[in-house]
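Visitor: Take a look at this one; I'll ask things after.
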C-alpha cells in the first residue's frame, strides 16, 4: 500500500476555488482506482497550506490510476480548472 500526500500552496483569498477543486476530485479519484482519504484546507496554523491524501495498492496500480485519471473527462476538466486557478 502506498499513501500519497499532495501538498498545495494556496492563495488564502482563493479558498473557495480550492474547495471546489477538492470536491471535484472527491468523486473522480475513487472512480479511477485510488482510495481517497480526503482534501484538507487551511484551518489552524498556516493559511496557505492544504493537502490531498489518498492510498493506492502499488506503484503499478498508481501508474494505471494516473493513466485512467488523465483519460477521464472529469479528471481532465479538473486539471484544466487547476490551470486556470493556478494560484489557489
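The numbers here are math on the coordinates, done by the rules we state, and not lab data. All figures in this text were calculated on a predicted structure; none of them were measured in a lab. Virtual Cβ from ideal backbone geometry, glycine too; neighbours counted across all protein chains shown.
Visitor: Please work out the FRET efficiency for the pair residue 60 and residue 14, using the Cβ-Cβ distance as r and a Förster radius of 25 Å; give the result to the nearest 0.05. Spell out each step's value before the answer.
Guide: On the way: r = 35 Å, r/R0 = 1.42.
That gives a FRET efficiency of 0.10.
Visitor: Then there's this: Of the listed peptides 68-74, 47-53, what is their order by residue-averaged count of other C-beta atoms within 10 Å, with the highest listed first? Mind showing how you got there, number by number?
Guide: Details: 68-74: 13.4, 47-53: 15.6.
So the peptides 68-74, 47-53, ranked by packing, come out 47-53, 68-74.
Visitor: Return one number: the angle in degrees, 0 to 90 and rounded to the nearest 10, between the long axis of the Cα atoms of helix 15-31 and the longest principal axis of the Cα atoms of the chain.
Guide: Roughly 10 degrees, rounded to the nearest 10.
Visitor: What label, among (i) 51, 47, 24; (ii) 42, 21, 19; (iii) 36, 26, 16, belongs to Cα extents along the principal axes in Å computed from the structure on display?
Guide: The listed entry that was calculated here is (iii).
Visitor: If you don't mind, there's one more thing I want to ask. Let me have the relative contact order for the chain, percent, based on Cα pairs under 8 Å that are six or more residues apart. Don't skip to the answer; put the middle values down first.
Guide: Working: 121 pairs, mean separation 36.8, N = 88.
For the chain, the relative contact order is 42 percent.
Visitor: Another question, then. For helix 59-71, report the angle its Cα long axis makes with the longest principal axis of the Cα atoms of the chain; keep it between 0 and 90° and round to the nearest 10°.
Guide: Approximately 70 degrees, to the nearest 10.
Visitor: Roughly how tilted is helix 73-84, in degrees to the nearest 10 and between 0 and 90, from the longest Cα axis of the chain?
Guide: So the helix axis and the longest Cα principal axis differ by about 30 degrees.
Visitor: Stretched out fully, how many nm does the piece from residue 48 to residue 2 gain, at 0.36 nm a residue minus the Cα gap? Intermediate values should be presented prior to the final figure.
Guide: Numbers: separation 46, 0.36 × 46 = 16.56 nm, distance 2.58 nm.
Gain on extension, residue 48 to residue 2, equals 14.0 nm.
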